[in-house]
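Please read the structure below before turning to the comments.
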Amino acid sequence: MLKGTYDVEFPKVYVGSDAHSIVPVFQYDEVVDNPLKMYEWMKSIKIFGMGRMKGVPKKSNELMTFAQNIAHTRRTFFGDITIIKAKSDAFFVGYTPSELPLHTDYTFGKTVPGIVLLHSIQRPEVGGESWFADGFKAARDLRNSDEKAFQLLCKGVLEFQMHGENERGNVHLKNQRPTISLNESGEVEMVSYCDYARTETIKNILTDEVPAFYKALKKFASLVYSPENLMVLHLEEGEILASDNFRMLHGRAGFTLGKNGGRHVEHIFFDMEDFDSRMRCIANERRDKIMEL
């Protein structure tokens, strides 16, 4: 039998509009070559659902260089790294200057990446503020206030798809999942929410339950957009923000395209198992130091 090793489950701290004062901010040069600081930063993502890091070089592909200290990235139809420079005629709303509603990423995929890293390289002069909301907190609040609505969102299965073309060619991904997924203990383990990728298909809901289901979905949306839950963050140029894609919804305000394009961000994905593996490896190698954190 294998000897038990350090694990990476931590009590979660729900965050809302007060995230600025709760979520710790790390410095890039302290994290990038220091496994213990790296572990602390990764731990903050597991606890708060997000991790912030400033002082990152403002150059393309720096995020990929940093990622190599963690694990191999999750390749998608966007590539190993997604370089987002807004343009008005993009097929995907995230590549345009239009408002990007709150969502979780890759709901249309068969397997959902667990961690999203976003590197802000250039900010628009006006607008483009980043939005975040704790989906686990919203699910808990819904469960406490309206158990029937909560159960409907656990029961009803929605369909999501991504259909279009980028520089890599055509893509048409489609998958189905509930808004709220529970583990075997009845605890929330994943939130899947993406209106712009959702089709009209609903499964596992009786016809006479459909109106109540949509009311439940509207209640959930009201919770994530509520003033006490919505975090508005002005990401600095040279900042990396990581989020737990099973838990956190993200989006941004619209902005105006300038002569220089106005906004340049890059992002990558990790599968959760690879992210967790890196944390365990650091903990196994430096158990004594980790216990002090």
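Structure above, values below:
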{"read-out": "Residues that are open to solvent by 10 Å² or more (accessible area, probe 1.4 Å), among the small types (Gly, Ala, Ser) and within 22 Å of ARG252 (Cα to Cα), drawn from segment 131-166", "value": "GLY164"}
{"read-out": "Close pairs (9 angstrom Cβ cut-off, 6 or more residues apart or separate chains): closer than 17 Å to GLY51 by Cβ and in a strand (DSSP E or B) in segment 129-144, open to solvent by less than 10 Å² (accessible area, probe 1.4 Å) and of a type in the set (Ser, Thr, Tyr) anywhere", "value": "SER130/SER120; PHE132/SER243"}
{"read-out": "Matching residues, segment 128-152, being over 17 Å from the mean Cα position of the chain (by Cα) and of a type in the set (D, E, K, R)", "value": "ARG140, ASP141, ARG143, ASP146, GLU147, LYS148"}
{"read-out": "Close pairs from segment 260-289: first farther than 14 Å from MET42 by Cβ, partner part of a helix (DSSP H, G or I), Cβ under 6 Å, at least 6 apart", "value": "GLU266/LEU63; ILE268/LEU63; ILE268/ALA67; LYS289/LEU36"}
{"read-out": "Selection within segment 56-78 - closer than 20 Å to MET38 by Cα and of a type in the set (A, V, I, L, M, F, W, C)", "value": "VAL56, LEU63, MET64, PHE66, ALA67, ILE70, ALA71"}
{"read-out": "Of all residues making up segment 203-238, the number that are farther than 22 Å from HIS20 by Cα and of a type in the set (S, T, N, Q)", "value": "2"}
{"read-out": "Some residue of segment 126-146 being among the polar types (S, T, N, Q) and in contact with a strand residue (DSSP E or B) (Cβ under 8 Å, 6 or more places away or on another chain)", "value": "yes"}
{"read-out": "Any hit, segment 182-203, residues being part of a helix (DSSP H, G or I) and not hydrophobic (A, V, I, L, M, F, W, C)", "value": "yes"}
{"read-out": "Search result, residues across segment 210-245 that are in contact with an Asp or Glu (Cβ under 7 Å, 6 or more places away or on another chain) and buried (at least 20 other Cβ atoms within 10 Å of the Cβ)", "value": "LEU223, ASN229, ASN245"}
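The values are calculated or read from the model by the stated rules, or taken from the named source; none is laboratory data. This one's a predicted model, so the numbers in the text were calculated from it and none came from an experiment. A quick note on method: Cβ atoms are made from the backbone with ideal geometry, for glycine too, and the neighbour counts reach across all protein chains shown. Surface accessibility is based on the protein's heavy atoms, side chains included, excluding ligands, DNA and RNA. Shrake-Rupley method; radii C 1.70, N 1.55, O 1.52, S 1.80 Å.
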